[in-house]
Amino acid sequence: MKKEERAALGHRLRRRRNELGLTREEFAELADIGAGYYGQLEVGTSQMSIDTLIKVSRASRLSMEYLLLGRETEPGDRTGVDLLLNRCTPRELRLAEKVLQLFLLRGDAAW
């Protein structure tokens, strides 16, 4: 990975961490990686393994493709709902499923 690509990845991580309202230390703990190492990822001075990419992707709730390339899949390949669900924790997925079931059960009455 080139230096510019590492810097862009770091920028995407920093932006997401700020959106989540987390410090570097808090995000690193959430991702189960060292805070110093995470700081190096944010500034683009270190590369990461696949295992670390998976951890950071899960902690940030951003796809690995977005973290690496700055883009999601091509429009039309996936729905917005799919993209949102991919960012959910297992607990959030269970809750989303329950909400959707309730919505669909009431769907006939609402229309």
- [ ] Could you tell me which of 10, 81, 69 has its Cα farthest along the dipole of the chain towards the positive end, charges placed at Cβ (Lys, Arg +1; Asp, Glu -1), taken about the Cα centre?
- [x] 10
Task: Solvent-free Debye scattering, log10 I(q)/I(0), computed from the Cα coordinates of region 2-64 at q = 0.29 Å⁻¹ - done: -1.51
Task: Whole-Hz ³J(HN,Hα) from phi, Karplus 6.51 cos²θ - 1.76 cosθ + 1.60, for region 36-45, glycine and proline x - done: x, 5, 4, x, 5, 5, 5, 8, x, 8
Task: Sum of -39500 (n - 2.57) over DSSP H runs of 4+, divided by residues of the chain (222 nm, nearest 500) - done: -22000 deg cm²/dmol
Open item on the list: Once the cut-off is 19 Å, how many percent of the Cα-Cα pairs in the chain end up in the long-distance tail?
Closed with: 51
TODO: Subtract the Cα-Cα distance of residue 58 and residue 20 from 0.36 nm times their separation in residues, and report this length gain in nm to one decimal.
DONE: 12.4 nm
TODO: Give me the percent of the accessible area of region 1-80 that comes from carbon and sulfur atoms, probe 1.4 Å, all protein chains in place.
DONE: 51
Task: Residue-count net charge about residue 14 - beta-carbon cut-off 14 Å; Lys, Arg +1, Asp, Glu -1 - done: +2
Task: FRET E, pair residue 51, residue 104, Förster distance 35 Å, beta-carbon r, rounded to 0.05 - done: 0.40
Task: Ranked by how many other beta carbons lie within 10 Å on average, peptides 33-44, 18-29 from highest - done: 33-44, 18-29
Task: Cβ charges +1 (Lys, Arg) and -1 (Asp, Glu), total dipole of the chain, debye - done: 180
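The values are calculated or read from the model by the stated rules, or taken from the named source; none is laboratory data. The model shown is predicted, which means the values in this text are computed figures rather than measured ones. Because the Cβ atoms are built from the backbone with ideal geometry, glycine has one as well, and the counts that use them run over all protein chains shown. In case anyone asks, the SASA skips ligands and DNA or RNA and just uses the protein heavy atoms, side chains included. Shrake-Rupley method; radii C 1.70, N 1.55, O 1.52, S 1.80 Å.
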